[in-house]
Amino acid sequence: MRIIVVDNYKEMSKKAAAMIASQIILKPNSVLGLATGDTPLGMYKELIEMYDMKQIDFREVKSFNLDEYYGLEKENSQSYHHYMIKNFFSNINIDKEKINIPNGKAKNIKKECENYDKKISDSGNIDIQVLGIGVNGHIGFNEPSVDFKAGTHLVELDEKTIKSNSRFFNSIEDVPTKAISMGIKTIMNSKKIVLLANGKGKADAIFKTVKGKICPEVPASVLQFHNDVTIILDKEAAGKLES
Ligand code: GLP
């Protein structure tokens with residue numbers, strides 16, 4: 001694991017964007033694995049600026065998002081489809097046909113999940129996967145007690161996750177209790193992984209991910225097994241690593 005500690009959120013976002021940009025410059029038809037949440041918003045902003053300055057071109061890029069809430073329409077303003085279009089895709093020249101996000105309204109969930117994994121492997125697997133981390137150490141929506149061998153699947157959301165994500169909804173009752181998420185197996189098949197975390201609230205999860213034992217109770221700890229992981233942290237998220 002390569003750990004990079006920077007002064008603040010802006011620096012974290014800039015470093016992550018630089019990694020994605022160099023991936024696209026080196027391989028214009030890169031397959032990107034993308035994340036949602038507050039953490040990568042700054043990175044998307046930086047990438048949009050680089051695109052505006054004609055430093056990067058997304059025309060040949062293919063993308064796969066980590067997850068989507070189960071039961072939400074694409075058009076719902078809380079869906080990850082909506083988030084991605086608003087915060088990233090509508091501002092760059094990515095080909096709509098090359099965007100992939102699990103369909104939270106799929107009738108046959110098992111088939112949706114199998115097809116998603118097949119599409120990823122048919123694309124030659126993800127070149128670089130961006131990850132945030134939940135306060136409970138989740139990646140994507142792979143919650144504690146995860147099966148490390150699982151591919152994309154339907155997940156029951158953890159209480160902590162529902163509580164934490166309720167900030168985006170009108171009330172906690174509105175937060176979906178299930179989601180479709182890439183599994184740990186899917187994520188671990190990525191060639192490179194970059195995990196971002198900022199703020200004190202993530203310090204404990206980061207400590208357990210980096211220094212703790214590898215166990216399903218801390219899903220992100222599995223990343224210790226991957227041979228190309230970069231973790232970019234602000235000082236607060238790195239706060240417990242020093243000793
Ligand atoms: C969400 C997403 C994750 C994200 C995490 C942290 O529930 N499913 O992909 O990394 O929680 O979110 P945030 O960046 O808002 O702290």
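The values are calculated or read from the model by the stated rules, or taken from the named source; none is laboratory data. These numbers were taken from a predicted model, which means no experiment stands behind them. Glycine also receives a Cβ, built like all others from the backbone with ideal geometry; neighbour counts cover every protein chain displayed.
Being assigned to a helix (DSSP H, G or I), more than 13 Å from the chain's Cα centre (by Cα) and closer than 22 Å to I20 by Cα holds for only one residue in K208, K119, and it is K119.
Taking the criterion of being surrounded by fewer than 16 Cβ atoms within 10 Å (Cβ to Cβ) and charged (D, E, K, R), the residues of segment 7-33 that qualify are D7, K10, K27.
The single condition among (1) in a helix (DSSP H, G or I); (2) more than 26 Å from K62 (Cβ to Cβ) that A237 does not meet is (1). Here I85, I20, I56 are screened, and the one residue that is out of contact with any strand residue (DSSP E or B) (no Cβ under 8 Å at 6 or more places or on another chain) and more than 30 Å from P176 (Cα to Cα) is I56. Evaluated against (1) modelled with pLDDT of 95 or more; (2) closer than 15 Å to D67 by Cβ; (3) buried (at least 22 other Cβ atoms within 10 Å of the Cβ), L154 falls short on exactly one condition, (3). Of all residue pairs spaced 6 or more apart or on separate chains, those with beta-carbon atoms under 7 Å, a first member in segment 105-118 that is surrounded by 10 or more Cβ atoms within 10 Å (Cβ to Cβ) and a second member that is in a helix (DSSP H, G or I) and not β-branched (V, I, T) are A106/E112.
Residues in segment 79-93 that are under 18 Å from the mean Cα position of the chain (by Cα) and either buried (at least 17 other Cβ atoms within 10 Å of the Cβ) or without any contact (Cβ under 8 Å) to a residue 40 or more places away in the chain (or both): S79, Y80, H81, H82, Y83, M84, I85, K86, F88, F89. Residues that are touching a residue at least 12 places away in the same chain (Cβ under 8 Å), at positive phi and touching a Leu at 6+ places or on another chain (Cβ under 8 Å): does segment 180-192 have at least one? No: segment 180-192 contains no residue that is touching a residue at least 12 places away in the same chain (Cβ under 8 Å), at positive phi and touching a Leu at 6+ places or on another chain (Cβ under 8 Å). Of the candidates D67, D57, the single residue that is surrounded by 21 or more Cβ atoms within 10 Å (Cβ to Cβ) and under 20 Å from A16 (Cβ atoms) is D67.
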